[in-house]
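Here the structure comes first, spelled out in structure tokens, and everything after it is commentary.
The values are calculated or read from the model by the stated rules, or taken from the named source; none is laboratory data. On a predicted model such as this, the values are computed, not experimentally measured, just so you know. Cβ placement follows ideal geometry from the backbone for every residue including glycine, while neighbour counts extend to all protein chains displayed. To get the accessible areas, we keep the full protein, side chains included, count just its heavy atoms, and leave off ligands, DNA and RNA. Shrake-Rupley method; radii C 1.70, N 1.55, O 1.52, S 1.80 Å.
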Amino acid sequence: MFNGAGMKTRMRALLSDRQGNFAMMTAAALPLLMGVAGAGLELTRVMQVKSDLQNAADGGTLGAATEARIAEGAKSNNELAESVKNYLGAQEWATGMTAEQKKDFEKNLSTVVTKSDTSKGSVYNITTTFSYSMPLNPMLSLIGADAITLRVTSTSQSSYNKGAPISMYLVLDRSGSMSFVTDTVDKSKSSCQNYTDANWSSYPNLRASSPCYVNKSTSLKTAVSYLVDTLNKSDPTYKAGSLPESTLVRTAAVAYNDSSFSAQNMDWGTKKTNAYVQAIPQYPTGGTNANAALTTAYNALKSSNTTEALARKTYGDNFFERYIVLMTDGEMTGASSSWNSSIDAAVRSTCATAKADGIKIFTIAFMAPARGKSLLQACATSNDNFYEPDNMDEIVEAFGDIARKAAGNISRVTN
């Protein structure tokens, strides 16, 4: 028999004994530990799925906004909302849903389309919100988590104008390298002089060869024609053959190699500007120095020069946007064949001065080397205003995109 003191001693010894406690605690905590491990494994997958859902939402609203802009008000709000729904339903994660999951997804999908009309055009805002129930790793069921609900929202905006007052000055490269070929075959000719950097020393006596490739100069002319056509289609005041042919759009152009050529000055419409560009030789020559031509464009559009503003007041345009479109296929060399840092710096300075004056600058580095791209990227008002096309199709599309942006006909994701 134990007396009272002995019993107390043995109880204290039992309670202080730690043997076996770790195993018991581990067994009790094992479901929690496995659940935590499962959560760590799932974190990366959840973030990837969330990103995929957001990209899909942005793609759906941007696509519908673009449809609204192109249709110019012809599509109803319900049709645009259905377009978003169809886009989302075609995504890989959506096609794998069960019938019940799809029903739940469509129940929680909400797309709101708003249209604001003004005297100048219309603005669409398209917002979609939806939830997606993502099944989780079975390990997480040990802590009571079978699925997680991911929720995304996207808004895109588009606009089309019935006319925007703009003044645009084209500053275009016509140096020797603009005679070089692109990778586009000219099917209208069986052969031609296909100049490249390697055979340029043979100018002007290079023998014709086949197939005939479209060169950079011809690509530029095609691109400017597309820009002109796009501007005209966006201009409700445009009337071919009338004087003036437009009361909203004024354009000008100046070409350059290692010096600046005489400019086609600002005038109503696009006809004279396009004629100036089409007259650029098919096989230009010379080095590259954009600064004098760029300065000509800046001087014509700068706010301290009242000539453009006075011309605008003729038709009541007290407010208008000013644009410079600067294009080159090379780096600044002057009359030599080597990059000239002082010319590069001068062009950057003129671009900075123009932007500080409120002039918006679009730049196109057409099949240009690294220094040419760096210069034009610095000159552009924003990254959205910088283009680096590598072939004829891309430069044509770049000039078309510039025309659409200048005319206010754009689509973009806003959040």
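If you check Pro204 against the conditions, is it outside any strand (DSSP E or B), open to solvent by less than 60 Å² (accessible area, probe 1.4 Å) and modelled with pLDDT of 95 or more? So Pro204 fails the test. Taking the criterion of being of a type in the set (S, T, N, Q), assigned to a helix (DSSP H, G or I) and open to solvent by less than 80 Å² (accessible area, probe 1.4 Å), the residues of region 64-96 that qualify are Thr66, Asn77, Ser83. When region 280-298 is limited to residues that are polar (S, T, N, Q) and part of a loop (DSSP other than H, G, I, E, B), the one that is least open to solvent (accessible area, probe 1.4 Å) turns out to be Asn289. For region 262-279, a residue qualifies if it is in a strand (DSSP E or B), open to solvent by 10 Å² or more (accessible area, probe 1.4 Å) and in contact (Cβ under 8 Å) with a residue 24 or more places away in the chain, and the qualifying residues are Asn265, Met266, Trp268. At least 2 residues being open to solvent by less than 50 Å² (accessible area, probe 1.4 Å) is the threshold, and among the strands (runs of 3 or more DSSP E) wholly inside region 299-414 those reaching it are 321-328, 360-365.
Taking every residue in region 306-317 that is under 15 Å from Ala164 (Cβ atoms) and at pLDDT below 95 and pairing it with any residue that is among the aromatic types (Phe, Trp, Tyr) and surrounded by 12 or more Cβ atoms within 10 Å (Cβ to Cβ), at least 6 positions away or on another chain, the pairs with Cβ-Cβ distances below 7 Å are Arg312/Phe320. A residue that is in contact (Cβ under 8 Å) with a residue 60 or more places away in the chain, part of a loop (DSSP other than H, G, I, E, B), of a type outside the set (A, V, I, L, M) and open to solvent by 50 Å² or more (accessible area, probe 1.4 Å) occurs somewhere in region 239-258.
To keep it simple, each residue is scored yes or no on (1) within 23 Å of Ile148 (Cβ to Cβ); (2) at pLDDT below 90.
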{"position": "Met1", "(1), (2)": "no, yes"}
{"position": "Ser16", "(1), (2)": "no, yes"}
{"position": "Asn21", "(1), (2)": "no, yes"}
{"position": "Ala27", "(1), (2)": "no, yes"}
{"position": "Val46", "(1), (2)": "yes, yes"}
{"position": "Leu62", "(1), (2)": "no, no"}
{"position": "Ile70", "(1), (2)": "no, yes"}
{"position": "Ala74", "(1), (2)": "no, yes"}
{"position": "Met97", "(1), (2)": "yes, yes"}
